[in-house]
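Okay, structure first, notes after.
Values in this text are rule-based calculations from the coordinates and carry no lab data. Every value quoted in this text rests on a predicted model; they were computed, and no experiment measured them. In this analysis, Cβ positions are derived from the backbone assuming ideal geometry, glycine residues included, and neighbour counts consider all displayed protein chains.
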Amino acid sequence: MSRPSRVLKLLFFILLVRPVVLIVLGLNIIHRQKLPTKGPAIIVANHNSHLDTLVLMSVMPLRILHKIRPVAAADYFLKNRWRAWFSLNVMGIIPLARKGKVDRGTLFDGCRGALADGDIVILFPEGSRGEAEQMQPLKRGLYHLVAVEPHVPVVPVVMRGLGRALPKGDPILVPLTATWSLAAQFTFGRGKKARLLWQRLNTPSKAK
């Protein structure tokens, strides 16, 4: 990320996102110390709201904010010139193609490049926002990424409440307290255990 983009990103979160998170929303974070403070690392979380990415990034230390790279749908976030500029230069997204023919071998090149640079990648295994407080079936993206990056630590995050604060399709922010729970980070590694874990990820879960 270029220096001007780093400055813009920092100002955006300091002046706008963090005040909203601190004043309008209440956050109860369980095991906050388990958030990674350096990369490479992958944060995986459920996805119910546009707030998910913003709030996740806002609780990270400001000194590493430029190293936080959310994976986002190219067809949505690069849809027009303004949105694309903001998404790439302020949010620092890694665009991912969801539509059309995609070469699985190169699909996660952006993620792999970010991890090689020591960045922290945010990935939503559900693929898109679901209904408030409901888990969708998992896509296979995480499975394919950890298959080629087996030694990168993965940090699971479960978020509750943001889907009600700003649900999909609703432009009005409702001041509600969100609760997060973080699990200990782990790596998939290689061998029999890794294959079993990959097989689990390769089988989309049923929505609950």
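Structure above, values below:
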{"item": "Net charge of neighbours whose Cβ lies under 11 Å from the Cβ of residue 36, counting Lys and Arg as +1 and Asp and Glu as -1", "result": "+2"}
{"item": "Sequence of 9, 34 once ranked by neighbouring C-beta atoms within 10 Å, starting from the fewest", "result": "34, 9"}
{"item": "Computed label-point distance, nm, for sites residue 148 and residue 38 using a 7 Å Cα→Cβ extension", "result": "2.6 nm"}
{"item": "Segment 7-23 - phi-based ³J(HN,Hα) in whole Hz, Karplus 6.51/-1.76/1.60, Gly and Pro as x", "result": "5, 4, 5, 4, 5, 4, 6, 5, 8, 10, 5, 4, x, 5, 4, 6, 9"}
{"item": "Burial ordering of 143, 76, fewest other beta-carbon atoms within 10 Å first", "result": "76, 143"}
{"item": "Inter-probe distance in nm under a simple model that places probes 7 Å from Cα toward Cβ, at residue 98 and residue 5", "result": "2.2 nm"}
{"item": "Order of 86, 13 - criterion: other Cβ atoms within 10 Å of each residue's Cβ, fewest first", "result": "86, 13"}
{"item": "Residue 23-residue 83 pseudo-label distance in nm [points 7 Å out on the Cα-to-Cβ vector]", "result": "2.8 nm"}
{"item": "Rel. contact order, % - alpha carbon contacts under 8 angstrom, at least six apart, segment 1-136", "result": "37 percent"}
{"item": "Inter-part distance where segment 36-88 and segment 1-19 are each reduced to a Cα centre, Å", "result": "12 Å"}
